[in-house]
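**Student:** Sharing a structure with you now.
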Amino acid sequence: MRQLTNRFPTANRMEHKSNIGALRVVPIPFDIQPEHAMSDPFETQSDAAFAPSRAPYAIVPNDTEQLALVPKGIYVGTGGDIVLRGIDGTTDVIYRNLPDASFVAVRALYVRATGTTAADLVGEA
């Protein structure tokens, strides 16, 4: 694995010297080591429909195309109505008057453009 030390320039910190009333720039080296990278304590856990999203994606409503991934739910950024079909559904349903920043706990196969007035939709996959 490639060593990342000294890959980034040093940062500067202002240090106040009260006895002379001047500021001095002191370099602070970045020491980024691969072994100190952020770890994921849940990486060995299996994914489930009730687990937090691992791959959120923007949903663009479409009348004929299925969603690329079946989401665990849909985040609604800008409220309105959502017309969708669940993965085991045989007909479309309308979730009406959803507020801004709400979450619909549904595993959808389609999110239709016709009738959907909500925007900024995010699939929680």
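Quick note: the coordinates plus some simple rules give every number you see, no bench work behind them. The model shown is predicted, which means the values in this text are computed figures rather than measured ones. We place every Cβ from the backbone using ideal geometry, glycine too, and count neighbours over all the protein chains shown.
**Student:** Evaluate the stretch 57-123: find the radius of gyration of its Cα atoms, find its Kirkwood radius, and give the ratio Rg to Rh.
**Tutor:** Ratio value, two decimals: 0.90.
**Student:** Still on this structure, please answer the following. How do 59-67, 40-48 rank on mean C-beta neighbours within 10 Å, highest first?
**Tutor:** 59-67, 40-48
**Student:** Report the full-extension gain for the segment residue 90 to residue 109: residue separation times 0.36 nm, less the Cα-Cα distance, to one decimal in nm.
**Tutor:** Between residue 90 and residue 109, full extension yields 5.8 nm more.
**Student:** Compute the length gained on full extension between residue 40 and residue 53: take 0.36 nm times their separation in residues and subtract their Cα-Cα distance, giving the result in nm to one decimal.
**Tutor:** Additional length available on full extension: 3.3 nm.
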